[in-house]
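Structure, as structure tokens:
What follows is calculated from the coordinates using simple rules that are stated; it is not laboratory data. Bear in mind that the values here come from a model prediction, so they are computed numbers and not experimental data. Quick reminder, even Gly has a Cβ in these numbers, built from the backbone with ideal geometry, and neighbours come from all protein chains shown.
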Amino acid sequence: MENLQIKSNIVISEQSMEIVRPLAKSIDWQDRLIAILGARGTGKTTLLLQRLKAKYGIGKEALYITMDDIYFTTHLLSDLALQFRQQGGKILFIDEVHKYPNWAKEIKNIYDFYKDLKIVFTGSSIIDINRQNADLSRRAVQYEMTGLSYREFLQFIGVGQFEALKLTDILDHHVEIANALSLKFKPLQHFNDYLQHGYYPFFIENINTYAIRVERVVRLIIEEDLQFIAGFNPHHSRKIYQLMAILATNVPFKPNITKLSEKTGIHRNMIVEYLYYLNSARLINSLSANGKSISILQKPDKIFLENTNLLYALAPENVDTGSLRESFFMNQLSNSKHNINLPLKGDFLVDDTYTFEVGGKGKTNKQIEGVNNGYIAMDDLESGVNNKIPLWLFGFLY
């Protein structure tokens, strides 16, 4: 255990506290069992280490461990928890929990037996705690770590700190809000940079190799994270990567399951299942018609890559402006926990109430004519008018 404490002290000491994501303030750290789920590269580890450094520092009360550490190939997590508690430990920060066999069962037992020990753990977006262990899901308070919003990106690059907006405020007061923000910075100046390399926080390290690292994130999710799904066929990893490549060059994509099966060599029944997994892993965003739910057996009606940076990383020669705009809109609305469906008219139905058409400056109301609560999310626009709202402003929702 001493080696684990040494490793923990090193990473805590080296952790920067310059920028802390807003999720850190949203979490109620008093809970005894906290789950932070999210895709690779979104900053879960950073969040843990920043909390640990700010609250506990280097000492024996708190310990950071990662479950892909070689230590856990020959030691049980439950034994480590017991030893840690006996030596005065109060809180365990456990990273990459999905890489440890039977993690859900052991964490539940630790929670039940050691009432004076708190646990905060991170895991991949693919984790469904309800399916892993229903008892654990009732005990754990879950949060999701997403990639950066446009608002957060502006903070990371030093433009300024701005408050997140509610969708209703944007719809009702977008002209005043956009004009006020435009006095503080030029909203369109940095927008294309965000679309290309602003979603994953690691952009701050080196923009020149950013696309390579994004592609690596995709590969690791497919080749490693998906392996932890029960029944997943690891021999299909290469084919799933091929599926992602097809989607990247065709989004927004209305899936033809038969053609996708022919192109990838994956059985058509498995295609639908893998699309569901890719959605869970936050590599794609699936859109279904109003009244239909996204499930492992249900083919989505439309598919987008999860964020615009994936478009530039996976298909840089095929980045379509329309796809870019729609992917950005769906990503920002989804990450701010709004319900999105495919409407009869327009591009998106949000919260069963608002219909949006997404486009450039030439976009008219034709596609949403006669629709109640219809709006246009318009690109290349600094400030809007009436129902025409600047697209960039939806990047301030979280």
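For the reader, a short list of remarks on this structure follows.
- As a rough guide to protection, the peptides 93-101, 21-29 ranked by mean Cβ packing within 10 Å, highest first, stand as 93-101, 21-29.
- Taking the charge dipole of the chain about its Cα centre, with +1 at Lys and Arg Cβ atoms and -1 at Asp and Glu Cβ atoms, the residue from 92, 155, 372 reaching farthest to the positive side is 92.
- The stretch 151-396: C-alpha gyration tensor shape, a/c 1.5 cut-off, then a/b vs b/c: oblate
- Considering only 348, 253, 72, the mean-square fluctuation computed in a Gaussian network model of the chain, springs between alpha carbons under 10 angstrom, is largest for 72.
- Fraction of the pair-distance distribution of the stretch 2-145 above 19 Å, Cα-Cα pairs, percent: 48 percent
- To the nearest ten degrees, helix 77-86 and the longest principal axis of the Cα atoms of the chain are 60 degrees apart.
- Against the chain, whose longest principal axis is taken from its Cα atoms, helix 44-55 shows a tilt of about 60°.
- Mean Cβ neighbour count within 10 Å, used as a protection proxy, ranking 317-327, 115-125 highest first: 115-125, 317-327
- Shape analysis of the stretch 168-216 yields a ratio of the Cα radius of gyration to the Kirkwood radius, Rg/Rh, of 1.17.
- Top of 89, 384, 291 by mean-square fluctuation, Gaussian network on the chain, Cα under 10 Å: 291
- Here the spin labels are modelled as points 7 Å beyond Cα on the Cα-Cβ line, and at residue 188 and residue 245 they lie 3.7 nm apart.
- Of the chymotrypsin sites (Phe, Trp or Tyr not before Pro) in the stretch 353-391, those whose Cβ has at most 12 other Cβ within 10 Å and which sit in DSSP loop: none
- FRET efficiency for residue 259 and residue 351, using Cβ-Cβ distance with R0 set to 41 Å, rounded to 0.05: 0.80
- GNM flexibility winner over the chain from 199, 312, 71 (Cα, springs under 10 Å): 71
- Using the Cβ of residue 257 as centre and a radius below 13 Å, the other residues enclosed give a net charge of +2, where K and R count +1 and D and E count -1.
- Within the shell defined by Cβ-Cβ distances under 12 Å, the residues around residue 213 carry a net charge of +1, with Lys and Arg each +1 and Asp and Glu each -1.
- Mean sequence separation of contacting Cα pairs (under 8 Å, at least six apart), scaled by the length of the chain, corresponds to a relative contact order of 15 percent.
- With 25 Å as the limit on Cα-Cα distance, the pairs of 337/388; 53/337; 44/108; 44/302; 184/363 that go past it are 53/337; 44/302; 184/363.
- Since only 241, 289, 318 are under comparison, the one whose Cα sits farthest along the positive direction of the charge dipole of the stretch 226-321, derived from C-beta charges on Lys, Arg, Asp and Glu, is 289.
- Crossing angle, helix 103-113 versus the chain [Cα axis fit, 0-90 degrees, rounded to tens]: 60 degrees
- Packing-based exposure ordering (other Cβ within 10 Å, fewest first) of 173, 190: 173, 190
- Ranked by the mean number of other Cβ atoms within 10 Å per residue, highest first, peptides 174-183, 211-220 order as 211-220, 174-183.
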